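Contents: one structure, followed by commentary.
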Amino acid sequence: FEFWRMVFFRSVAAFTRLRSRVGQQSSLGSSVRWIQMQSSTDVDLKSQLQELIPEQQDRLKKLKSEHGKVQLGNITVDMVIGGMRGMTGLLWETSLLDPEEGIRFRGLSIPECQKVLPAAQSGGEPLPEGLLWLLLTGKVPSKEQVEALSKDLANRAAVPDYVYNAIDALPSTAHPMTQFASGVMALQVQSEFQKAYENGIHKSKFWEPTYEDCLNLIARLPVVAAYVYRRMYKNGDSIPSDKSLDYGANFSHMLGFDDAKMKELMRLYITIHSDHEGGNVSAHTGHLVGSALSDPYLSFAAALNGLAGPLHGLANQEVLLWIKSVVEECGENISKDQLKEYVWKTLNSGKVVPGYGHGVLRKTDPRYVCQREFALKHLPDDPLFQLVSKLYEVVPPVLTELGKVKNPWPNVDAHSGVLLNHYGLTEARYYTVLFGVSRSLGICSQLIWDRALGLALERPKSVTMDWLEAYCKKAKASSP
């Protein structure tokens, strides 16, 4: 949020600095007023970054020199053993996750983004290109700026034949994420950052070829992802890109879904899955690998491999499969009491109820809420949606009664599969690829800023159990 404060300070120098917005509950009205102060007519995204980056570089230097020794909290043994959970240890500019409010993209909540980001149609879902602009600049773009970025991405979307050949070398039965990640690795051959680095580019200019790589990667991912889908499920009958369509609509089109509501769903899906601060596995992996100056293709391919894990992005696949197992065993008209019994059966068998709980959130995921609102608007009578609604009433009390779950509420994965299934994208194994396309917006935006700010190689300290036991024994002996 201080990023926004810097932009405000530069634009309205007569005003005093605004208070930090971290942790504040900001209203939609104040957010809109804030946005109006940042308006710009420049439709070129890179030009805006060229203006913003020097000021943010100076700001980071000042922050380090004046406050570098300020302590942010204490590290416990639980944190060390528990996967560094809860440690404040990453700089991630594009979004911030609050346990109560959920995700904010550059300070804007999901409902606020739905309100102020340009849409393809009046009252429709936000265009992913608009969110990309917001993530990179901290400014809400105009319709003209989004259209210009959409055209830029369309012009970058050509995929070389050797990428398809690399995917075709795999069995068509290989998991979609394996094929998708292989395609991304094949795209790496054209990395502008790698070429520039080998030619001796100055580190102050690292962000520029990184920008080119990231925009190229974002542009080409839907083409590669659609190729994987059509190869696996539609006999390899690929559908060409349509440059007249926006990013989300064109992705839907290449997959083979031209229903206007499916295009709206794809715009919403890509927008809300784009970023979730820097500590989750895929985002952290992209940042970590990028800190070694690996180019964006290498970094994002690594992030995809993290996303493919069942405790992360693969969960959206598991949710729909579990819901369908409920229907197969109990039927679509299952009562709440029957559903409660099935939930307990799942838990007592040593499994989890997929789509419920979250490592940070302590309330219902706002991404779940906006998908539920989409379903209430467009598919209220869908049997699987009605089942999801019953689960929303049944599962949290059961998990609360279980007593081991800090957050019994549904997350984003609890809903997305049902929406996709309704419009005909029924292949649950493919869902994580959609997640991967979306997550590129956040990871790539941050990679550009990682280079622009010259962030350091990530190298945390590890210790052994012997070290922890000795340290705790010494601490206990020295305590009064």
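The values are calculated or read from the model by the stated rules, or taken from the named source; none is laboratory data. Keep in mind it's a predicted model, so treat the numbers as computed, not measured. Quick reminder, even Gly has a Cβ in these numbers, built from the backbone with ideal geometry, and neighbours come from all protein chains shown. SASA here: full protein model, heavy atoms, side chains in, ligands and nucleic acids out. Shrake-Rupley method; radii C 1.70, N 1.55, O 1.52, S 1.80 Å.
For the range 88-108, name all the residues that are open to solvent by 20 Å² or more (accessible area, probe 1.4 Å) and in contact with a Pro (Cβ under 9 Å, 6 or more places away or on another chain).
89, 101
Does residue 275 satisfy being open to solvent by less than 30 Å² (accessible area, probe 1.4 Å) and in a loop (DSSP other than H, G, I, E, B)?
yes
Within the range 118-134, which residues are open to solvent by less than 40 Å² (accessible area, probe 1.4 Å) and either β-branched (Val, Ile, Thr) or closer than 19 Å to residue 154 by Cβ (or both)?
Residues satisfying the conditions are 118, 119, 126, 127, 128, 129, 130, 131, 132, 133.
Go through the range 240-272 and report how many residues are closer than 16 Å to residue 374 by Cα and in a loop (DSSP other than H, G, I, E, B).
Residues in the range 240-272 being closer than 16 Å to residue 374 by Cα and in a loop (DSSP other than H, G, I, E, B): 1 in total.
From the list 457, 447, which one is outside any helix (DSSP H, G or I), in contact with a Ser or Thr (Cβ under 8 Å, 6 or more places away or on another chain) and either of a type in the set (D, E, K, R) or within 30 Å of residue 106 (Cα to Cα) (or both)?
The conditions single out 457.
Identify the residue in the range 113-141 that is of a type in the set (S, T, N, Q) and in contact with a helix residue (DSSP H, G or I) (Cβ under 9 Å, 6 or more places away or on another chain) and, among all such residues, is nearest to residue 242 (Cα to Cα).
Across the range 113-141, the extreme among qualifying residues is 121.
Quick one: in the range 295-344, of everything that is open to solvent by less than 50 Å² (accessible area, probe 1.4 Å) and aromatic (Phe, Trp, Tyr), which residue is nearest to residue 284 (Cα to Cα)?
300
Mind counting the residues in the range 195-219 that are in contact (Cβ under 8 Å) with a residue 24 or more places away in the chain and open to solvent by 70 Å² or more (accessible area, probe 1.4 Å)?
2
Within the range 309-334, can you find the residues that are out of contact with any Ser or Thr (no Cβ under 6 Å at 6 or more places or on another chain) and not in a helix (DSSP H, G or I)?
309, 310, 311, 312, 331, 332, 333, 334
Can you report the number of residues in the range 207-223 which are touching a Ser or Thr at 6+ places or on another chain (Cβ under 7 Å) and farther than 15 Å from residue 241 by Cα?
Residues that pass the stated criteria total 2.
Restricting attention to the range 391-407, does a residue exist that is at pLDDT 90 or above, more than 26 Å from residue 350 (Cα to Cα) and buried (at least 22 other Cβ atoms within 10 Å of the Cβ)?
No: the range 391-407 contains no residue that is at pLDDT 90 or above, more than 26 Å from residue 350 (Cα to Cα) and buried (at least 22 other Cβ atoms within 10 Å of the Cβ).
Can you confirm whether the range 224-237 contains a residue that is polar (S, T, N, Q), open to solvent by less than 40 Å² (accessible area, probe 1.4 Å) and either more than 16 Å from residue 440 (Cβ to Cβ) or out of contact with any Leu (no Cβ under 7 Å at 6 or more places or on another chain) (or both)?
no
Among the residues that make up the range 357-370, is at least one of them among the small types (Gly, Ala, Ser), open to solvent by 20 Å² or more (accessible area, probe 1.4 Å), under 19 Å from the mean Cα position of the chain (by Cα) and within 19 Å of residue 315 (Cβ to Cβ)?
yes
Can you go through 437, 412, 405 and tell me which one is free of Cβ contacts under 8 Å to residues at least 60 places away in the same chain and hydrophobic (A, V, I, L, M, F, W, C)?
Checking each option against the conditions leaves just 405.
Given the condition touching a Gly at 6+ places or on another chain (Cβ under 8 Å), under 20 Å from residue 267 (Cβ atoms) and open to solvent by less than 60 Å² (accessible area, probe 1.4 Å), answer yes or no: does some residue in the range 415-428 qualify?
Checking the range 415-428: at least one residue is touching a Gly at 6+ places or on another chain (Cβ under 8 Å), under 20 Å from residue 267 (Cβ atoms) and open to solvent by less than 60 Å² (accessible area, probe 1.4 Å).
I'd like to know if the range 309-325 contains one or more residues that are of a type in the set (D, E, K, R), closer than 21 Å to residue 272 by Cα and touching a residue at least 12 places away in the same chain (Cβ under 8 Å).
Looking through the range 309-325, at least one residue is of a type in the set (D, E, K, R), closer than 21 Å to residue 272 by Cα and touching a residue at least 12 places away in the same chain (Cβ under 8 Å).
Any residue at all in the range 455-470 that is open to solvent by less than 60 Å² (accessible area, probe 1.4 Å), touching a Gly at 6+ places or on another chain (Cβ under 7 Å) and under 30 Å from residue 247 (Cβ atoms)?
No, the conditions are met nowhere in the range 455-470.
Please go through the range 154-169 and give me each residue that is open to solvent by less than 50 Å² (accessible area, probe 1.4 Å), outside any helix (DSSP H, G or I) and of a type in the set (A, V, I, L, M, F, W, C), ordered by number.
Within the range 154-169, 157, 159 qualify.
Can you name the helices (runs of 4 or more DSSP H) wholly within the range 72-153 that have at least 1 residues being under 19 Å from residue 269 (Cα atoms) and in contact with a Phe, Trp or Tyr (Cβ under 8 Å, 6 or more places away or on another chain)?
So the answer is 110-116, 128-137.
Listed residues 69, 61; which is of a type in the set (Lys, Arg) and in a helix (DSSP H, G or I)?
61
Residue under question is residue 373, and the condition is that it be surrounded by fewer than 18 Cβ atoms within 10 Å (Cβ to Cβ), at pLDDT 90 or above and within 24 Å of the chain's Cα centre (by Cα); does it hold?
Against the criterion (surrounded by fewer than 18 Cβ atoms within 10 Å (Cβ to Cβ), at pLDDT 90 or above and within 24 Å of the chain's Cα centre (by Cα)), residue 373 qualifies.
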